[in-house]
Amino acid sequence: MTYNEFKTRYNLRLSPQQEAAVQAVQDPTLLLAVPGSGKTTVLVSRLGYMVFCKEIDPRSILTMTYTIAATRDMRERCAAFFGPELAEVLEFRTINGVSSRIIRRCEQLIGMQAFELVTDERRLSEMVGQIYQAVTKNYATESDIKGVRTLITYVKNRMLPDAEVEAIKEIEHFPQIYREYNAALRSRGLMDYDDQMVYAYRILRKYPEILQELRRRYPYICVDEAQDTSRIQHAIIDLMAGKEGNLFMVGDEDQSIYGFRAAYPQALTDFEQNHPGARVLMMTRNFRSTPQIVKKADDFIQNNRLRHAKHMEANRPGGPDVRNIPIFDRRGQYKYLAAVAEDCKKETAVLYRDNDCALPLIDLLSRRNLPYRCRQPDGIFFTHRVVRDVSDIVRLAADPRDGDAFLRIYYKLGAGITKTAAQNAVRTGSGKQNLLELVSRDLSLSPGSRRVCKGLVTHFEHLPNEPADKAIHRIAWRMGYGDYLKEHGGDIGKITILQALGEQEPHIFRLLERLQELRAIVLSHIDDPECNFILSTIHSSKGLEYERVFLMDVFDGMLPKPADDEADARARLEALEEERRLFYVGMTRAKQDLAIFTFEKRELKSSFAALLFPETAQPEEAPAERKARVVPKPSVQSGSEPLTRQAAMTNSELVPGRAVRHTNYGGGIIRERNGDILTIEFDSGRTQMFSAKAALKACVLTLE
């Protein structure tokens, strides 16, 4: 069958770039496919071309994908294109599936049984939790276990040598936990999914006859989503294909966003170097997004250096400009999005960095009984060590004699309390006396420590009597806990989320109750498939597309996250470039409408937004200006902040998306501004128009 006959028979409509990729069969080939370029169509069409035009035995073609779901989708697409008979003969496997076959073949060759593969994730989590507790002497939370397991996967997939493992400091005592975890697996004759690939790689290196069998069986190898593939996976692929084999690798280093899982985009940038005589093809035409979105996204990713030189081009007709939504702070962002959810008539995705970001929005949506869909939610936040610590501090505020809570947090409050002093206080006063007062009188401590302890007694007395967000601020920044987190690499972002949730609660005890309620809401929420309002992390949105996309929490510290200060220049560059890739992937999920929130609050400045919207870049404030700018103290009676900004409020601050408070109508959000006329939608549901100048002059509007 000729190529033209093939296209006609199967009704294939391909661009010149796609046709070149479909007909690339011999020699190592890297296909770089930008977002929305029809990658899966090309992969499936190429398989048909190989079988029907080149008469290649379909059993000699191995297609490897990143996930089991991807293998299923590829097989279904192939069946839809060319019929179920061909789809059943072709092999679609994950690299773990290939590794399993390699291990089975080794068992046959040497007559020994391999370790048992642990497929029960709970079993592995229990093992990690037990080892974590034995090593650290601390209870392993769900968040602790997830963090350790993610790092174990990273180490094995990156093929890190022992010296580099010993240098890991992200999790305290991780090297010892890692060693004991591996020893526990071996002693029980077990292996995890990461070991499966490690052992397969070692087998291919040790038993050349098995490697040669594989090469004879699969002279044609295709790898999808190569930018998400880890170093150990690429090592297995390279051995199977050989330096000059017929390897067809498809991916895009600009979309590599799984560095925490050990994704290895360098395999794409170094492809020609590692495979002599290799060719690089490109599919640069985006069929998904409007030219405005494509141009913004392409301009943005050009800031990366560790990539192939290429430009994404649009194929669709024009649409609206990429929108910048200026708001004052994150609270205004939640209110804006809740208003969008109220009357959401078209497919809308709100994308964010991690599941924590969505919690204040989910909290607001649930309070207003607004429907939403959420992709891959989890309750990790609620069991995180920071949340547990704050809960213990609050419990101690409720009962200053609680010895168990005191022993869990005494050394996290920056008072220099020794373990001996803490234990003595619990032994003599637990259940009877205020433990911090006892410690403040312990002469074994320095005068400075005793003074700090006395101050902490006062702080604990104030905690129950102030709004929840103020109490969280006190715990973090006046009681020393935030300093403890900084010193020990803790997640300060959890404090920010707690404060945002606390803004809705009258006191700290009610916030703890709400956390339990919200956890149940997150874990038990049932999506309405007809709902147009979708919440998703950017990672979970990869490979998907939506009519309208809002990117939230785009500010330095969240997106992008700062690189490790102790990392070398190369590692910091790689970390920043992955942050750009993550943002790029988020942008390119949008088909028609893309909107990005930018914040006027200086602490929420965004280097990414400044690249997209240069007019939003905030000039650095001179030291003299910082000194001169005085913000009045909050009102003690109300415990709220609107009045603290009244003197600094200007006409220019009254912009759409800004959260405001009216003296008569309460809280609301500015929906529109036409000249001097503001349209404000209040929390009560009422919509009212005002003259901005008149409202300012009468002092009836303040910033929320």
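Values for this structure:
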quantity	calculated
In region 330-351, the residues that are among the acidic types (Asp, Glu) and closer than 14 Å to GLU547 by Cα	GLU347
Within region 56-84, considering residues that are over 22 Å from ILE236 (Cβ atoms) and touching a Gly at 6+ places or on another chain (Cβ under 9 Å), the one surrounded by the fewest Cβ atoms within 10 Å (Cβ to Cβ)	PHE81
Test set (1) over 18 Å from ARG474 (Cα atoms); (2) touching a Gly at 6+ places or on another chain (Cβ under 7 Å) - LEU407 fails condition number	(2)
Single residue of region 432-444 satisfying the filter (aliphatic (A, V, I, L, M) and more than 30 Å from ILE171 (Cα to Cα)) that is most open to solvent (accessible area, probe 1.4 Å)	LEU443
Of residues in region 445-483 being within 23 Å of ILE171 (Cβ to Cβ), touching a Gly at 6+ places or on another chain (Cβ under 6 Å) and in a helix (DSSP H, G or I), the one least open to solvent (accessible area, probe 1.4 Å)	ALA476
Candidates GLU513, GLU530, GLU547 - the one that is part of a helix (DSSP H, G or I) and surrounded by fewer than 16 Cβ atoms within 10 Å (Cβ to Cβ)	GLU513
Whichever residue in region 114-143 is under 30 Å from ALA405 (Cβ atoms) and among the acidic types (Asp, Glu) and, among such residues, is most open to solvent (accessible area, probe 1.4 Å)	GLU126
Qualifying positions in region 315-331 - closer than 17 Å to PHE555 by Cβ, open to solvent by 30 Å² or more (accessible area, probe 1.4 Å) and touching a Phe, Trp or Tyr at 6+ places or on another chain (Cβ under 6 Å)	ASN324
Scan of region 659-678 for residues that are over 13 Å from LEU701 (Cβ atoms) and either under 38 Å from the mean Cα position of the chain (by Cα) or touching a residue at least 40 places away in the same chain (Cβ under 8 Å) (or both), ordered by number	ARG671, GLU672, ASN674
Hey, ALA567 without any contact (Cβ under 8 Å) to a residue 12 or more places away in the chain and more than 30 Å from PRO317 (Cβ to Cβ) or not	yes
Failed item in (1) assigned to a helix (DSSP H, G or I); (2) at pLDDT 95 or above, with GLU55 passing the rest	(1)
Pairs where the first residue, in region 332-351, is closer than 21 Å to ALA500 by Cβ and open to solvent by less than 30 Å² (accessible area, probe 1.4 Å) and the second is among the polar types (S, T, N, Q) and in a helix (DSSP H, G or I), C-beta under 6 Å, 6+ apart	LEU351/SER541
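The values are calculated or read from the model by the stated rules, or taken from the named source; none is laboratory data. All figures in this text were calculated on a predicted structure; none of them were measured in a lab. Ideal geometry is used to build each Cβ from the backbone, glycine not excepted, and the neighbour counts take in all protein chains shown. Surface accessibility is based on the protein's heavy atoms, side chains included, excluding ligands, DNA and RNA. Shrake-Rupley method; radii C 1.70, N 1.55, O 1.52, S 1.80 Å.
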